[in-house]
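The values are calculated or read from the model by the stated rules, or taken from the named source; none is laboratory data. The structure presented is a predicted model; accordingly, all values stated were derived computationally and were not measured. Cβ atoms come from the backbone with ideal geometry, glycine included; neighbour counts cover every protein chain shown. Protein only, heavy atoms only, side chains kept; ligands, DNA and RNA dropped before computing areas. Shrake-Rupley method; radii C 1.70, N 1.55, O 1.52, S 1.80 Å.
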Amino acid sequence: QVQLVESGGGLVQAGGSLRLSCAASGRTYSNYNIGWFRQAPGKEREFVATITWSGGNTYYADSVKGRFTISRDNAKNTMYLQMNSLKPEDTAVYYCAVGKWVGTTPNFYNYWGQGTQVTVSS
């Protein structure tokens, strides 16, 4: 079992930045791949970014490529999502997740955080 707790969400103006954190506890977190997803009201949960367990490979949704950066610090059992040049369409609840397989759909991930709200005003 892995427990995940997100933090860092909030209200920001368009063009601003936020850094989300996700602290992990429980089973060996460093063996898992990490993903960030988001879900806007009335929409399905969508892939944002993922990073492999070693940190050697990252993948991004086209909508965030060049603006968001995913990273992890296995020594601190923490993962991050740096979000720059935020747009109103980035408004959503953001979730971190871990899983044994790299994937861009939620079914690849076994454990999820509770989510943190990000609101971008125009």
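Taken about its Cα centre, region 1-92 carries a charge dipole of about 140 debye when Lys and Arg each add +1 at the Cβ and Asp and Glu each add -1 at the Cβ. At q = 0.15, 0.20, 0.23, 0.24 Å⁻¹, what base-10 log of I(q)/I(0) does the Debye formula yield for region 32-122 when every alpha carbon is treated as an equal point scatterer in vacuo? Normalising to I(0) and taking log10 leaves -0.52, -0.93, -1.23, -1.33. Annotation: K65 carries an accessible surface of approximately 120 Å², with a 1.4 Å probe and no ligand, DNA or RNA atoms counted.
A Förster distance of 22 Å, applied to the separation of the beta-carbon atoms of S7 and K87, puts the FRET efficiency at 0.50. The residues of region 8-82 expose on average 51 square angstrom of accessible surface per residue, using a 1.4 Å probe on protein heavy atoms. 3J(HN,Hα) along region 108-115: 7, 10, 9, 10, 10, x, 8, x Hz, from the Karplus curve 6.51 cos²θ - 1.76 cosθ + 1.60 with θ = phi - 60°, whole Hz, x for Gly and Pro. Beta bridges from DSSP with both residues in the chain: antiparallel share about 90 percent, rounded to the nearest 5. Only lysine pairs 8 or more places apart, or on different chains, with alpha-carbon atoms under 22 angstrom apart are counted in region 11-121, and they number 4. Label sites at N31 and K76, each approximated as a point 7 angstrom past Cα along Cα to Cβ, lie 2.5 nm apart. The fraction of accessible area contributed by carbon and sulfur in the chain is 48 percent, rounded to a whole number (1.4 Å probe; ligands and nucleic acids excluded).
Along the axis of the charge dipole computed for the chain (Cβ charges of +1 for Lys and Arg, -1 for Asp and Glu, origin at the Cα centre), the listed residues N33, Q114, A61 are led at the positive end by N33. In percent, rounded to a whole number, the relative contact order of the chain is 35, using alpha-carbon pairs under 8 Å and six or more apart. Shown in residue order for region 54-59 are the 3J(HN,Hα) couplings computed by the Karplus curve 6.51 cos²θ - 1.76 cosθ + 1.60 at θ = phi - 60°: 7, x, x, 9, 10, 9 Hz (x for Gly and Pro).
Taking each pair of different alpha-carbon atoms in region 1-81 once, compute 1/r for the pair, average those values, and report the inverse of that mean as the Kirkwood hydrodynamic radius in Å to one decimal.
Evaluated on region 1-81, it is 13.6 Å.
Each part gets one Cα centre, and for region 76-90 versus region 30-48 those centres are 12 Å apart.
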